[in-house]
Amino acid sequence: MPDNPRFIMIGGFLGAGKTTTISRLAQHYQSQGKRVAIVTNDQATDLVDTNLLRSQGFDVGEVAGSCFCCNFNELTRTVERLGENSRPDIVIAEPVGSCTDLVATVIRPLQQIYAVPFDIAPYGVILKPSHGLKILRGTTKGGFSPQAEYIFRKQIEEADFVILNRIDELNDATISELTSLIQLNFPGLPCVKISAMTGLGFEAFYDFLDLKGNFGTRAMEVDYDIYAAGEAELGWLNAQVALKATNPFALDAFLLKLLERINEGLTVHSAEVAHLKAIGMAEGKYAVANIVSSSSAPKLSIGCHSEVRVADLVINARVAVDPNLLTESIQAELHSVCIEFGIKESINTLQCFRPGRPVPTHRLAGVE
């Protein structure tokens with residue numbers, strides 16, 4: 001009798017590095033001969049993460065249009081579709097970065113309601129250093145309202161362990177301060193330090209995820225009025241754009257310039273970026289760039305190092321600003337950069353909105 005599939009959910013705030021972490025996890029389990037299925041999640045369609053993971057050859061299902069907790073049945077249907085031909089050994093789930101209360105609304109329902117039993121791994125939440133330092137210090141705003149900061153803290157509160165990411169970008173003093181702040185704010189919470197980009201610290205991460213036991217059991221009270229207000233602070237934009245040029249253009253340079261210009265335009269309006277990500281795909285090649293806060297420069301997380309004439313572009317923006325202003329700003333900067341690079345753009349789809357109030361399909365409060 002085969003073992004039950006292992007369910008691994010990796011949470012964390014917008015821009016924490018969940019997709020890069022999940023990609024490395026999936027590669028690790030595949031190298032062990034295990035079949036891996038990945039489920040991504042977003043409030044809308046056209047998700048950079050889904051395109052990226054599929055471009056890397058992974059078997060990916062997407063729950064779009066609402067979060068896992070508010071569309072639990074679609075989550076389970078997606079898992080079932082991924083297992084139609086061969087049941088996965090590992091299911092890795094990436095929830096929306098603005099969601100919390102996932103133990104009560106996803107993990108416990110999987111354990112107690114879903115017909116197919118899962119072997120639940122420890123629930124890890126990635127700490128985003130750029131906003132984490134500001135929010136956990138509690139001395140200044142982290143760029144967001146207290147309601148959005150409430151979500152950030154609640155995400156960590158319900159975790160079995162916290163994952164401090166991007167340690168390759170941090171000095172020893174900052175790592176030490178973040179570690180101390182985690183213990184001060186969440187006493188006794190285990191912390192694993194990693195770099196999703198380089199793989200540093202992943203052996204300890206794998207060991208933690210392989211632990212057996214009763215996980216996803218932390219009891220947590222959530223004020224859904226504050227939670228809803230925090231989510232509604234963010235303008236949410238997903239766009240799919242066709243790019244076409246007479247002369248070849250450098251896709252990597254285009255993505256970096258585009259994100260730089262968008263960030264500059266939003267800064268004028270004092271709009272804090274939670275996450276801004278773009279993927280360019282052309283003839284089997286792809287490049288990804290992202291910004292994780294308004295004070296951060298754009299980074300090329302994956303480069304294709306190629307010049308192309310035709311490409312598909314997907315943009316995902318999560319910014320504390322009115323959605324109409326976000327749309328106008330991104331469309332204007334996109335057009336400007338395309339002119340600079342000699343590109344004609346055609347926007348195929350564009351969705352921009354504020355997330356609605358979270359209404360979970362199930363909420364099973366437990367006792368720690």
| request: Name every residue in region 44-65 that is in contact with a Phe, Trp or Tyr (Cβ under 7 Å, 6 or more places away or on another chain) and assigned to a strand (DSSP E or B), in order of residue number. | output: none
| query | Any idea which of GLU74, GLU94, GLU80 is among the charged types (D, E, K, R), at negative phi and buried (at least 22 other Cβ atoms within 10 Å of the Cβ)? | reply | GLU94
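In the list GLY124, GLY188, GLY213, which residue meets the criterion of being under 27 Å from ARG363 (Cβ atoms), more than 22 Å from the chain's Cα centre (by Cα) and in contact (Cβ under 8 Å) with a residue 60 or more places away in the chain?
Residue meeting the stated conditions: GLY213.
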| remark: Among residues of region 1-39 being touching an Asp or Glu at 6+ places or on another chain (Cβ under 7 Å) and at pLDDT below 95, the residue surrounded by the most Cβ atoms within 10 Å (Cβ to Cβ) is PRO5
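Go through region 254-268 residue by residue and tally those that are β-branched (Val, Ile, Thr) and closer than 10 Å to LEU334 by Cβ.
If we filter region 254-268 for residues that are β-branched (Val, Ile, Thr), which is where we start, we get 262, 267-268.
Those left that are additionally closer than 10 Å to LEU334 by Cβ: 262.
Final tally of qualifying residues: 1.
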| request: Report the residue count in region 207-249 for those that are surrounded by 14 or more Cβ atoms within 10 Å (Cβ to Cβ), touching a Gly at 6+ places or on another chain (Cβ under 9 Å) and in a loop (DSSP other than H, G, I, E, B). | output: 3
| task | Looking at (1) of a type in the set (Gly, Ala, Ser); (2) under 19 Å from GLY216 (Cα atoms); (3) in contact with a helix residue (DSSP H, G or I) (Cβ under 6 Å, 6 or more places away or on another chain), find the lone condition where GLY97 falls short. | result | (3)
| said: Pull out all pairs, ordered by first then second residue, where Cβ-Cβ is under 7 Å, the residues are six or more apart or on different chains, the first lies in region 167-181 and is outside any helix (DSSP H, G or I), and the second is not aromatic (Phe, Trp, Tyr). | reply: LEU170/PRO129
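Considering each of VAL106, VAL79, VAL91 in turn, give the residue that is under 26 Å from LEU164 (Cβ atoms) and in a helix (DSSP H, G or I). Show your work before the answer.
Working: VAL79 fails: under 26 Å from LEU164 (Cβ atoms); VAL91 fails: in a helix (DSSP H, G or I).
It is VAL106.
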| query | Quick one: what pairs do we get from region 270-283, first residue assigned to a strand (DSSP E or B) and modelled with pLDDT of 95 or more, second surrounded by fewer than 24 Cβ atoms within 10 Å (Cβ to Cβ) and among the aromatic types (Phe, Trp, Tyr), C-beta under 7 Å, 6+ apart or different chains? | reply | ILE279/TYR286; GLY280/TYR286
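The values are calculated or read from the model by the stated rules, or taken from the named source; none is laboratory data. Keep in mind it's a predicted model, so treat the numbers as computed, not measured. For neighbour counting, all protein chains shown are included, and Cβ atoms are generated from backbone atoms with ideal geometry for every residue, glycine included.
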